[in-house]
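Structure record follows, encoded as C-alpha cells.
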Amino acid sequence: MRIGVIGCGGMGTTHYLSLKVLSEKEDDVEVVALSDCRKEFLDKAASYFPEAATYEYGMELIEKEQLDIVHICLPSYLHAEHAVKALEKGMNVLVEKPVCLTEEDCQMLLEAEKRSGKKVMVGQVVRSFEEYKYLKEAYDTEKFGKLKSITMERISGDVKWGFEDWFHNEEKSGSVVLDLHVHDLDFLRYMLGEPDSFQVKASRFESGMINHIITEYEFGDVFATAEGIWDESSAMKFHAAFRAHFEDATIEFNGAQSPSLTVYKKDGTVETPELKAEYEGESDVAGINVSNLGPYYTEIKYFQECVREDKPVEVAPLIEGVRSVQLGIKEWNAAKEYVNAHENK
C-alpha cells in the first residue's frame, strides 16, 4: 500500500509518526512520498522515511506519484483543492479537519468523491479517542439509562505555530469555530444526530476574529453545551473535557488528569473504566498541542483497512465532515452576529 503525506508540520507530524509505527507492524504499508514547502520540516519527515520521494509542493506530489492513499495535512484553506486533485488522480484520501471552509467547497468535494469512486475519510480524530468511544457506547446501549445533558469544552492558548500565521486569518482557518470547536460539534452530531436548535454566545480577538464560542444545543430531550476558545495568552495549556449526565450515572472526562475518565454512579459508587487503546504512544515532536498518538494511529489504521478490504468508511466519511463544516459555518455566522449586536449596544 503506497502512501503519501502532504504537509509535514504539526498535524502532518502526528500522521507520519503514526504511519511509521504502522509500517513497522504491517508489511504492506509503505510511505513513499512526502511534501512540504519548508525544507526543515520536509527533511525531518524524510529522516523517518529515507527511501521516500520528496516534493516542495503537494500538487507536484499528486501529479507525479501513483498512490493508494494520500494524507492531506495542510492548512485548512488548502484541504479542498488538494483533496479534489488527489481524487481525480485516483487516490484514496485521508484529509485533516475541517475538511473545508465554505459551502461551495463542501459541494465540490462531494461531487469529486462521487465521480472518482474513491474513499475519503476526514480526520475528526475525537471519534477515535477511547474516552469518547466509551461515552458513545454508553449512549447507544443506555447502560446508564438515557442521556439527559452533556457539557463539552476544548480550550487552547493562542495558536502561534501556524505556517505564515494562517490560524489568525479567518478566511484560512475558519476561526476557533471551524478549527477547534468543530471537534466537539462533530462529536455531538456523531452521537446525537443533527440538533433541533442552537444558540451561540461569542467574543473575538482585537483583530475581529472569533476566538471564543459557547453553543447551547437541543437534541430532542437532550440539551448540550460546547465551549471552544483560543485564549488571548499563548501560555494557556490545551485542555479538553466533557461531563455527560445520564439517568443512573455521570461520566466525566478531563484530558489533563490521569486516569482521565471517571463514572460517578447514582448509588454513590465511583468507577474508573479501563480503556485499552490499539496503540499507546506519546511524542512531542510535532510541537503542537497533540502528544497522544494513539487516536491518530487508530483512525489511520481504520482507513487503511477500509481501502485494503474495500469497505465503506463509516467512522468519519466525507459526508460527515461536510455536515460538521456546514453546522460550523452556521455557528460561526451566529457568533459574528452575536458579537456585532452586543458591540453596537
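The values are calculated or read from the model by the stated rules, or taken from the named source; none is laboratory data. Remember, predicted model here, so these are calculated numbers, not experimental data. Cβ sites come from the backbone with ideal geometry, for glycine too, and all protein chains shown count toward neighbours. Surface accessibility is based on the protein's heavy atoms, side chains included, excluding ligands, DNA and RNA. Shrake-Rupley method; radii C 1.70, N 1.55, O 1.52, S 1.80 Å.
Assorted remarks:
- Here the Karplus curve 6.51 cos²θ - 1.76 cosθ + 1.60, taken at θ = phi - 60°, turns the phi angles of segment 157-164 into couplings of x, 4, 8, 10, 9, x, 4, 6 Hz, with x standing for Gly and Pro.
- Fraction of antiparallel bridges per DSSP, segment 82-217 only, in percent to nearest 5: 60 percent
- Counting DSSP beta bridges with both ends in segment 1-69, the antiparallel % (nearest 5): 0 percent
- Net charge in the neighbourhood of C306 (other residues with Cβ under 12 Å of its Cβ; Lys, Arg +1, Asp, Glu -1) is -1.
- Taking GluC sites (Glu not before Pro) across segment 158-254, the ones in a DSSP loop with at most 16 further Cβ atoms lying within 10 angstrom of their Cβ are E206, E232, E247.
- Choice from V84, V21, V322 with maximal GNM fluctuation in the chain (Cα, 10 Å cutoff): V21
- DSSP beta bridge pairing in the chain, given as percent antiparallel to the nearest 5: 55 percent
- Cα-based shape type of segment 64-211, given that a ≥ b ≥ c are square roots of the gyration tensor eigenvalues and the cut on a/c is 1.5: oblate
- Distance between segment 112-148 and segment 319-345 - C-alpha centres, whole angstrom: 23 Å
- Measuring between alpha carbons in the structure, the pairs from K119/K301; K97/K311; K118/K311; K89/K118; K85/K301 lying more than 18 angstrom apart are K97/K311; K85/K301.
- Sum of -39500 (n - 2.57) over DSSP H runs of 4+, divided by residues of the chain (222 nm, nearest 500): -11500 deg cm²/dmol
- Surrounding net charge for M236, when Lys and Arg each add one and Asp and Glu each subtract one, Cβ distance under 13 Å: -1
- Peptide ranges 263-276, 126-139 listed from the most packed, as the mean C-beta count within 10 angstrom indicates: 126-139, 263-276
- Of the complete DSSP H runs in the chain, those spanning 24 angstrom or more by Cα along the long axis with a mean Kyte-Doolittle score not below -0.5 are 318-343.
- As computed over segment 182-320, the Cα convex hull volume per residue (Å³): 179 Å³
- Inter-part distance where segment 185-220 and segment 1-54 are each reduced to a Cα centre, Å: 34 Å
- Dipole magnitude of segment 32-191 about its Cα centre (Cβ charges: Lys, Arg +1; Asp, Glu -1), debye to nearest 20: 640 debye
- Positive dipole terminus of the chain, leading residue within C37, A341, H183 (C-beta point charges): A341
- Measuring nothing but protein heavy atoms, the accessible surface of segment 154-249 at 1.4 Å probe radius is 46 percent carbon and sulfur.
- Residue (of F129, L192, P295) at the positive-pole extreme of the chain, dipole from beta-carbon charges: L192
- Environment charge at M121 (Cβ cut-off 15 Å; Lys +1, Arg +1, Asp -1, Glu -1): -2
- Basic side chains Lys and Arg get +1 at the Cβ, acidic Asp and Glu get -1 at the Cβ, and with that the dipole of segment 129-193 about its Cα centre reaches some 400 debye.
- For the chain, the Cβ-based charge dipole about the Cα centre amounts to some 160 debye (Lys, Arg positive; Asp, Glu negative; other atoms uncharged).
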